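J.: First, the structure itself, so that you have it in front of you.
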């Protein structure tokens, strides 16, 4: 456990040693702040649909687009940088299992991802000072953000083991995320009931809509946790294969 926590701390701190982390954080908060302000202004106009601002914040299109670009940037350095610098050999030959290394790096990336979202708690405090808020949907929305973030990050972590080039790793992660993200669109285009049911199970848009309304379906949780575990397993297998390759 001590070795795992050491890797987690090392990875989380490493993000803040680079100016890129602060650029991502600033851009993320600026965009979210602008969207939040626009949503609040819209809901205050006469004739606007009734609804709380935070569910709109969790389900708007920019939320998905920004995550599609942010996650590959967060994960691109995890293993690609280690392979390029040659430090991956030292890490893999130390008395630490590949699983511990993968989980430690992934957890460090997830903590940074959650760090990006942590300041948005201020939005909840602002809204609570002005109007009553049902905290159930808010908590469910943040749970969905953590689950979807973990899923996306696991894909990016796997992509980072496939190349020594960070830019290539980011492009690979983005390419892998597009089909995952597009399941909702494919569902609307399919006429086959069986395919529609399958694609509906994978539809992230619908999942986030449910969570933002406070509906926590255990099937969604199982899907995200199992998919995340699958890609982390692939990452471990790939890392082990590269370790055994002379």
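J.: Please rank 228, 238, 61, 157, fewest neighbouring Cβ atoms within 10 Å first, as an exposure proxy.
T.: Values: 228 22, 238 18, 61 9, 157 29.
Ascending Cβ contact count within 10 Å gives the list 61, 238, 228, 157.
J.: Which of 34, 1, 76, 176 comes first, and how do the rest follow, when ranked by fewest Cβ neighbours within 10 Å?
T.: Details: 34 11, 1 6, 76 26, 176 17.
So the residues, fewest neighbours to most, are 1, 34, 176, 76.
J.: Stretch residue 115-residue 17 to full length: gain in nm at 0.36 nm per residue minus the Cα-Cα span?
T.: Values: separation 98, 0.36 × 98 = 35.28 nm, distance 1.50 nm.
Full extension of this stretch gives 33.8 nm more.
J.: Continuing with the same structure: Once label points are set 7 Å from the Cα along Cα→Cβ at both residue 229 and residue 135, what is their separation, rounded to one decimal in nm?
T.: 3.1 nm
J.: Something else now. Listing 131, 161, 100, 107 from the residue with the fewest other Cβ atoms within 10 Å to the one with the most, what is the order?
T.: Working: 131 8, 161 24, 100 16, 107 19.
Neighbour counts put them in this order, fewest first: 131, 100, 107, 161.
Each reported figure results from applying straightforward, stated rules to the coordinates on display, with no laboratory input. If you're wondering where the values come from, they're calculated on a predicted model, not measured in any experiment. Don't worry about glycine lacking a Cβ; one is built from the backbone with ideal geometry, like all the others, and counts go over all protein chains shown.
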